[in-house]
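Below is one structure; the comments refer to it alone.
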Ligand code: FAD
């Protein structure tokens with residue numbers, strides 16, 4: 001009996017899943033065990049490292065994948081809660097020599113690489129002739145290890161550098177596009193599950209007890225003391241919704257895709273729909289692995305073949321190139337998530353953690369409606385537009401509050417549905433003004449934007465602000481981004497007195513931006 005354990009880490013999908021296709025195509029597997037491991041080290045012992053929206057999205061994604069395995073392959077997704085290292089020791093014990101193969105998707109995150117190398121070593125010692133592979137270019141378009149070990153590879157700092165890196169790995173086809181392989185179709189069938197009872201997977205007392213979706217959901221709800229499935233959400237997790245959103249926003253939507261220029265998209269979402277992004281809104285699905293980046297790339301390419309189209313860095317291909325750039329850097333640059341010993345980060349003497357400022361920022365209580373609406377959207381739905389992320393990260397760091405970018409990064413990490421170690425760190429480095437690819441540190445965003453601001457806020461109806469800050473629902477649009485400037489009579493008529501019903505600005509924005517620019521300059525000189 002040959003059993004292949006299929007460890008799905010960032011591939012919660014059937015389409016373009018090279019790991020699944022490999023398991024289906026090897027003729028010598030009698031059984032395949034598709035496994036997802038929920039690791040308390042990543043999620044928190046009490047799931048406290050993930051916000052409710054993120055947890056819910058994960059459960060929905062697992063549930064969708066499980067349903068697809070059942071329906072298409074008469075199989076199921078085995079969900080295990082525990083330390084992957086210990087789980088694989090149990091697999092080796094329970095399956096013995098019938099555990100002949102481990103297949104998983106490559107992950108460049110440091111703890112995933114460490115776990116994989118530990119598990120490979122330990123299994124090789126325990127099981128003679130076991131085959132172990134981690135497949136690259138599944139979560140990213142590039143094979144990260146192959147790309148960074150190319151003799152001409154240099155850490156990219158710009159889109160021009162990324163263009164060179166793409167051309168090292170891919171030829172151009174007759175249409176002038178990089179010859180990136182088409183996504184793989186889901187396999188027609190896969191080998192059946194092994195005997196679960198024999199491996200104690202159905203034994204509640206075993207470390208390998210496989211949790212059903214309701215059991216996992218109940219455990220999460222009990223630990224966070226909230227019925228997770230009744231928490232608010234906008235994006236529904238899973239490959240099925242990912243593919244539906246791809247179809248709704250991108251596939252065949254030539255006008256939208258070809259004219260997509262990121263800096264022109266509106267940060268306050270779609271008119272009259274305060275939850276619907278003006279960008280694709282696909283990031284939660286790509287980060288969780290419900291949608292492959294290559295599939296999005298190829299769908300854009302089909303539209304581009306129809307006529308004139310935007311170019312990187314502003315186009316959708318440009319967005320995916322940024323994604324590749326941060327993945328490559330996060331692997332090639334040591335201490336990517338630190339400011340010390342990180343060759344891509346200038347050291348700035350930020351203030352100590354300030355509880356009051358952090359609470360106000362995180363809870364949407366700074367008295368700056370743009371910042372507060374964005375942060376309330378984040379904590380409720382787990383998503384925020386890219387320019388909203390620009391506004392709130394600049395405000396927290398070099399703009400107004402002078403807090404370390406790592407504090408903001410951690411709040412994002414907990415709450416974002418699309419939270420991604422490589423991208424979150426890369427973008428915070430970018431916005432804090434400390435990286436070589438950052439915008440100049442002295443270009444600050446005004447947190448009280450006018451219609452001309454590059455933050456592209458909608459300010460005629462200001463529906464987005466009214467939705468997320470109901471306290472300001474009745475304010476005239478003229479004052480909505482700076483309500484403390486409204487005369488007392490208007491504050492009274494609008495049923496919201498600033499300082500009583502909605503906070504006064506936590507800082508004087510003009511004074512702090514001036515002071516912070518000076519501090520930034522000083523730090524640069526001191527820490528040269
Ligand atoms: P679109 O504009 O429709 O782009 C399509 C896809 O391209 C996205 O889904 C995403 O996979 C990729 N992409 C777009 N912009 C970027 C970018 N700047 N960097 C890398 N990839 C990009 N994105 C994450 O996926 N995870 C994060 O943890 C994350 N943290 C961020 C933190 C900060 C401070 C900032 C400023 C940005 C962060 N981003 C992160 C990048 C970006 O904001 C989101 O990817 C984007 O807003 C997602 O929306 P969308 O899918 O509609 O994007």
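For region 160-177 and region 380-435, compute the distance between their C-alpha centroids and round to whole Å. Comparing the Cα centres of region 160-177 and region 380-435, I get a distance of 30 Å.
Over the chain, the Kirkwood radius and the radius of gyration, each from Cα atoms, give a ratio Rg/Rh of 0.98. Site pair residue 229 and residue 30 shows an inter-label distance of 3.7 nm when each label is modelled 7 Å from Cα along Cα→Cβ. The label point for residue 343 and the one for residue 308, both projected 7 Å from the Cα toward the Cβ, are 4.1 nm apart. Annotation: the antiparallel percentage among DSSP beta bridges lying fully within the chain is about 10. Restricting to Cα pairs below 8 Å that are 6+ residues apart, what does the relative contact order work out to for region 239-332? Please round to a whole percent. Relative contact order for region 239-332 comes out at 35 percent. Between the helical axis of 405-415 and the longest alpha-carbon principal axis of the chain there is an angle of about 60 degrees.
The helix-based estimate of mean residue ellipticity at 222 nm for the chain, built from -39,500 (n - 2.57) per DSSP H run of four or more residues and divided by its residue count, is -13000 deg cm²/dmol to the nearest 500. Distance from the Cα centroid of region 1-67 to that of region 301-365 is 26 Å (rounded to whole angstrom). Packing around the peptides 226-238, 173-185, 368-380, taken as the average count of other Cβ atoms within 10 Å per residue, puts them in this order, highest first: 368-380, 226-238, 173-185. For region 355-526, the Kirkwood hydrodynamic radius comes to 16.4 Å, computed from all pairs of different C-alpha atoms. The angle separating the long axis of helix 110-126 from the principal Cα axis of greatest extent in the chain is about 10 degrees.
Between the helical axis of 421-432 and the dominant principal axis of the chain, each derived from Cα atoms, what acute angle in degrees is found, rounded to the nearest 10? Long axis of 421-432 versus the principal axis of the chain: about 20 degrees.
If you model region 239-332 as an ellipsoid using its alpha carbon gyration tensor, with each semi-axis the square root of five times an eigenvalue, the axes come out at 19, 17, 15 Å, biggest first.
Among 384-393, 210-219, sorting by the average number of other beta carbon atoms lying within 10 angstrom of each residue, highest first, gives 384-393, 210-219.
Show me 507-519, 100-112, 419-431, 151-163 ranked by packing, highest mean number of other Cβ atoms within 10 Å first. Before the final figure, lay out each step's value.
Working: 507-519: 15.5, 100-112: 20.5, 419-431: 23.5, 151-163: 13.8.
Highest mean packing first, the order is 419-431, 100-112, 507-519, 151-163.
Any read-out appearing in this document is the output of simple, stated calculations on the displayed coordinates, not a laboratory observation. Treat the numbers as computed from the prediction; the structure is a model and nothing was measured. Please note: Cβ atoms are built from the backbone with ideal geometry, for glycine as well, and neighbour counts cover all protein chains shown.
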